[in-house]
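Comments concern the structure below.
The values are calculated or read from the model by the stated rules, or taken from the named source; none is laboratory data. These figures come from a predicted structure and were not determined experimentally. Here the Cβ positions follow ideal geometry from the backbone for every residue, glycine too, while neighbour counts run over all protein chains shown. The protein model used for the area step is the full one, side chains on, heavy atoms only, and it has no ligands, DNA or RNA in it. Shrake-Rupley method; radii C 1.70, N 1.55, O 1.52, S 1.80 Å.
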Amino acid sequence: MTDGRPPRLPRLEDVAELAGVSHQTVSRVVNNHPNVSAGTRGKVEAAIAVLGYRRNTAARSLVTRRSQTIGVLGSELSQYGPANTLLGVERAARDAGYFVSVAALREVCRDTILDAVRHFLDQAVDGIVVIVPHLETLSALAELPIGVPVVAVGPNGNDTVGGVKVDQRRGAELAVEHLIGQGHTRIGHVAGPQDWIDAVARADGWRAALAAAGLKADLIAEGDWSAGSGYGIGRRLAASHRATALFVGNDQMALGVLRALNEAGIRVPQDVSVVGFDDQPEAGYFSPPLTVVRQDFEELGRRCMEMMLTALGGADGPRTLVVEPELVLRSSTAPPACGSGQDRI
């Protein structure tokens, strides 16, 4: 017979007894400490599986005085880049034993940023990751004595805020250098909104690569990241006959550009080459499959948590961590058609 009380949940000490190790060893395994042999780790993990042990985060918080929660402040989370950056951060945080609390901004301005930070501080988060890729973000954060580590995705870090970013400028240079290497001399840019950190960096990389090759950087149009804006810009470019290649600031705008060129009877890549940015899963299935600059969002998330854990551990570390982009070649780029040194669109 039972006394009617629910059965006691397995404790760390129960796992240690079953595995034949100390409770400190179990703690190291649970917290992914590297100084545990493979054999011992296997015994502990087997005991955890048999007992159905789960770490008591509430009790651990009382001991460590930490909530094991990271606040993530985001904006434009419907966009592919910010959404997948958030996903990468969440996965990396979970792997490190942290929960994630998300605050999504409807409007990006100083007051909404500071209100969200105060909300996180009221929750007693251990640190804050900021995925608000606008130029004013760091200046807003500098106004508030936050008191917990802050890592911002996109900008360089400073004395108070760490920065983790993909090298957007280098990614743009890779795209343009590829087009130049194929023989293009008139390369336009469909840019993202110029109040976005990433969009400004990509436009700067486009200009730098053209300047290094002695080419003009005088064909640029600003979109809003959407396929619709790319389509509208593509229609205008198709009527202007000014370039043989286009570097487009993201894959969604590139999709719109491809449709506009197709409707105008301009073939890709035979008449005009197109390069996108991000490498969203559908990019390889565009018509034609899109050459892109790929961002590794999983790595971005890992780097965010690497910087965060270093700060939470009280150690000094770099204030800026950089993830390198990668050029992925597909079927949307080719050398200009023979004798087509003149502009095509």
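Miscellaneous remarks
- Residue in the range 188-199 that is in contact (Cβ under 8 Å) with a residue 40 or more places away in the chain and open to solvent by 40 Å² or more (accessible area, probe 1.4 Å) present: yes
- Selection of first residues in the range 105-120 that are open to solvent by 90 Å² or more (accessible area, probe 1.4 Å) and of second residues that are part of a loop (DSSP other than H, G, I, E, B) and of a type in the set (A, V, I, L, M, F, W, C), restricted to Cβ pairs under 9 Å at least 6 apart or on distinct chains, gives the following pairs, ordered by first then second residue: Arg118/Leu144.
- Those residues of the range 253-273 which are among the hydroxyl-bearing types (Ser, Thr, Tyr) and open to solvent by 10 Å² or more (accessible area, probe 1.4 Å), in sequence order: none
- Residue list for the range 274-298, filter: open to solvent by 40 Å² or more (accessible area, probe 1.4 Å), charged (D, E, K, R) and touching a residue at least 40 places away in the same chain (Cβ under 8 Å): Asp296, Glu298
- If you go through the range 92-104 and keep only what is aromatic (Phe, Trp, Tyr) and open to solvent by 70 Å² or more (accessible area, probe 1.4 Å), you end up with just Phe99.
- Criterion applied to Arg330, Arg267, Arg303 was being within 22 Å of Glu177 (Cα to Cα), of a type in the set (Lys, Arg) and in contact (Cβ under 8 Å) with a residue 24 or more places away in the chain, and the one residue passing it is Arg330.
- Here is the figure for the range 126-173: residues that are of a type in the set (D, E, K, R), more than 13 Å from Ile197 (Cα to Cα) and open to solvent by 40 Å² or more (accessible area, probe 1.4 Å) total 3.
- Flag if Ala217 is in a helix (DSSP H, G or I) and under 29 Å from the mean Cα position of the chain (by Cα): no
- Check on Val89, open to solvent by less than 10 Å² (accessible area, probe 1.4 Å), touching a helix residue (DSSP H, G or I) at 6+ places or on another chain (Cβ under 7 Å) and not in a strand (DSSP E or B): yes
- Test for Phe247: is it buried (at least 17 other Cβ atoms within 10 Å of the Cβ), within 24 Å of Ala201 (Cβ to Cβ), touching a Phe, Trp or Tyr at 6+ places or on another chain (Cβ under 8 Å) and among the aromatic types (Phe, Trp, Tyr): yes
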